[in-house]
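J.: Before I ask anything, here is the structure I am working with.
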Amino acid sequence: ARRISNITWLTDTSMTLLHFINCMALAYAPYFITYRFSGLSEYSAFWRCVKAGGAYFVTQLCKMLVLATFFPVMEVDEDNITMTAESAHCMVDLIDLLGIYIVLTKVMGRGEMKVLTAAIGWGTAELLATRVLPLWFGARGVEFNWKYIQSGLDSNISLVFLITATSLLWLWNRNDLNRSLLPLIALMLVAITYKPFLFRLLRASLGLGPWMVLLAKALMACGMGLVALQLYAGMIAV
């Protein structure tokens with residue numbers, strides 16, 4: 001009986017570890033693939049990405065100080081957070097745009113290299129800060145839960161949003177940009193920043209499940225990504 005118990009324990013441990021590895025691969029593989037096949041590795045951009053990741057952590061520290069100073073009552077349980085608190089938190093997330101903008105101004109190279117370096121470095125640091133521990137303690141649990149697969153898929157969507165936002169910030173900084181496009185770029189940047197609030201509102205008003213919310217995020221990311229790509233291609237062609 002003891003031998004059977006040990007075999008069962010080893011089987012459960014192997015299955016949970018395999019589930020954790022699958023979730024980690026689903027979350028991190030797109031970042032590695034983008035870095036490997038976008039040309040960043042050929043430009044020795046690794047340490048530039050590391051610096052962009054460091055800028056992410058500095059920015060998050062600044063955000064924590066702002067939240068603690070101006071929104072102290074926002075320290076509530078995530079499941080009971082109000083729409084007002086969520087909106088205020090998204091407003092503080094505008095600091096992220098400032099951080100990415102500063103990273104873009106410090107990275108040397110062509111436009112696409114600057115965008116990808118800032119996005120990959122920033123996004124990888126965000127993954128390390130927000131998803132590793134939940135996956136480590138959750139995906140290794142005995143009970144299977146789809147939310148960790150959804151978290152991995154959501155990280156892929158976040159990468160698209162991040163590259164889109166970084167591209168828009170790069171366009172915003174261009175002196176030869178058509179000024180009539182600035183309102184569109186600003187609207188898209190605000191929409192990307194406020195997407196947690198928008199999707200929480202959508203989920204609450206329409207009663208959407210997590211998979212439908214994930215689909216809505218993917219559609220929004222693809223739509224905004226295509227618009228940003230069109231704007232970027234038009235700028236390059238000029």
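Every number here is computed from the coordinates shown, using simple stated rules; none is lab data. Bear in mind the structure is a predicted one, so any value in this text is a computation, not a measurement. Cβ coordinates were reconstructed from backbone atoms using ideal geometry, including for glycine residues, and neighbour counts include every protein chain displayed.
J.: Taking R0 as 22 Å, what FRET efficiency do you get between L128 and L61 from their Cβ-Cβ distance, rounded to the nearest 0.05?
T.: So the FRET efficiency works out to roughly 0.90.
J.: Continuing with this model, one more query. How high is the FRET efficiency from F37 to N156, r the C-beta distance, R0 22 Å, rounded to 0.05?
T.: It comes to 0.90.
J.: In addition: How about the stretch 134-238: which chymotrypsin sites (Phe, Trp or Tyr not before Pro) there lie in a loop by DSSP and see at most 13 other Cβ atoms within 10 Å?
T.: F144, W146
J.: Something else: Within the set K63/K106; K63/K195; K51/K217; K147/K195; K51/K147, which residue pairs have Cα atoms separated by over 27 Å?
T.: Cα-Cα > 27 Å for K51/K217; K51/K147; rest within.
J.: Between L226 and S87, what length in nm is gained on full extension when 0.36 nm per residue of separation is reduced by their alpha carbon distance?
T.: Residue separation times 0.36 nm, minus the Cα-Cα distance, leaves 47.4 nm.
J.: Using mean Cβ contacts within 10 Å as the protection proxy, how do 121-134, 29-42 order, highest first?
T.: With the highest mean Cβ count within 10 Å placed first, the list reads 121-134, 29-42.
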